[in-house]
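Student: Below are the structure tokens for one structure; questions will follow.
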Amino acid sequence: MAEVVITARGVTKQFDGLVASSNVNFEICVGDTVGIIGPNGAGKSTFFNLLTGLYIPDSGTITYFGKDITKMPPHDRVGLGIVRTFQLVSVFDTMTVLENMMLARIRFDGTYGKKRFFLRNLLKSREVDGCMKALDTIGIAGKCDVKVSDLPYGKKRELEIAIALSMDPKLLLLDEPLAGMSMVEITEIMDIIKGLKSKLTIVLVEHKISKILDLVDTLYVMHEGQIICSGEPNMVICDPAVKECYFGRDNVCY
Ligand SMILES: Nc1ncnc2c1ncn2[C@@H]1O[C@H](COP(=O)(O)OP(=O)(O)OP(=O)(O)O)[C@@H](O)[C@H]1O
Ligand SMILES: [Mg+2]
């Protein structure tokens, strides 16, 4: 049986009385691709923030390869291979593609620690090779010297995935990778994710359910902070509770 990568057990997080994550149980095994869907405000990004350490749960535990990481800070989790992208693309517009890569890479490299550094020196270092490799995997190595503000949104998203890859993830978390993309860009990003599927363990949050049904091995549905259904994707989307949370009780077809 495949080894379990990350688990959440009874994970709860409240914001001033609003229960954004309610007793969530979740797990993913090595090599699997899991999707999380759910209406706006369901708690999907909150759950990612809990898995990656941006939020600490009020109760419950998170383990990573059997180790309790519930209270571990985000940068330490990155060091262990838990790497994410954000719902809103988070890259620096005023820098080039390669500079963005380098900045992210040294930020998590202990050898740089709190030392001062000059980006122009880093661009001559051997770190460049790792960054170029990640850009090549995503197919944007040819854009390494382009200023990010000159890139279309889809390429910025691809850069963000390349940055994540440069951190040697074991577990890659993608928060709405298809959000705001044109149809052509969606096809490109989907091809990238399909390519990564055979190499990595992936969790992705996505609203465009039809695009990910054939991609994910397991689908979880969140609603009002709770996991209301999980399992084989095509079974899950036929579940009455899932239909109800998207379309309301009156529109559920049994
Ligand atoms: N830092 C915070 N402070 C207060 N409330 C928060 C915070 N983060 C999330 N919430 C609330 O928690 C709930 C879940 O939000 P979350 O962003 O996790 O939803 P989501 O499923 O990712 O939604 P979307 O599909 O729109 O991205 C929302 O009601 C949101 O307003
Ligand atoms: Mg979200």
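The values are calculated or read from the model by the stated rules, or taken from the named source; none is laboratory data. Quick caveat, the model's predicted, so the values are computed rather than measured. Backbone-built Cβ (ideal geometry, glycine too); neighbour counts: all protein chains shown. The accessibility values were calculated without ligands, DNA or RNA, using every heavy atom of the protein model including side chains. Shrake-Rupley method; radii C 1.70, N 1.55, O 1.52, S 1.80 Å.
Student: Please work out how much accessible surface ILE82 shows to a 1.4 Å probe, ignoring ligands, DNA and RNA, in Å² rounded to 10.
Tutor: 0
Student: Now, a different point. At 1.4 Å probe radius, can you tell me the per residue accessible area of the chain in Å²?
Tutor: Computed with neighbouring chains in place, this is 49 Å² per residue.
Student: Ok, one more. Tell me, what is the percent relative contact order of the chain, built from C-alpha pairs under 8 Å that lie six or more residues apart?
Tutor: Relative contact order comes out at 27 percent.
Student: A further question on this structure: At 7 Å along the Cα-to-beta-carbon direction for both ILE56 and ARG120, put a label point, then send me their distance in nm to one decimal.
Tutor: Placing both labels 7 Å beyond Cα along the Cβ direction yields 4.3 nm.
Student: How far apart, in nm, are the 7 Å Cα→Cβ label points at CYS29 and MET1?
Tutor: Distance between the two pseudo-spin positions: 0.8 nm.
Student: Considering the options VAL146, THR46, THR201, tell which one lies farthest towards the positive end of the dipole of the chain, charges being +1 on Lys and Arg and -1 on Asp and Glu at the Cβ, about the Cα centre.
Tutor: My answer, from the dipole projection, is VAL146.
Student: Taking 0.36 nm per residue of separation and subtracting the Cα-Cα distance, what length does fully extending GLN14 through TYR246 add?
Tutor: 81.2 nm
Student: Could you give the size of the charge dipole of the chain about its Cα centre, using +1 on the Cβ of each K and R and -1 on the Cβ of each D and E, expressed in debye and rounded to the nearest 20?
Tutor: Dipole about the Cα centre, nearest 20: 940 debye.
Student: Continuing with the same structure: Considering only protein heavy atoms, with the full assembly of protein chains and a 1.4 angstrom probe, order TYR64, TYR55 by accessible area, largest first.
Tutor: Greatest to least solvent exposure: TYR55, TYR64.
Student: In nanometres, what is the gap between the two model label sites at PHE65 and LEU88, each 7 Å from Cα along Cα-to-Cβ?
Tutor: About 3.4 nm separates the two model spin labels.
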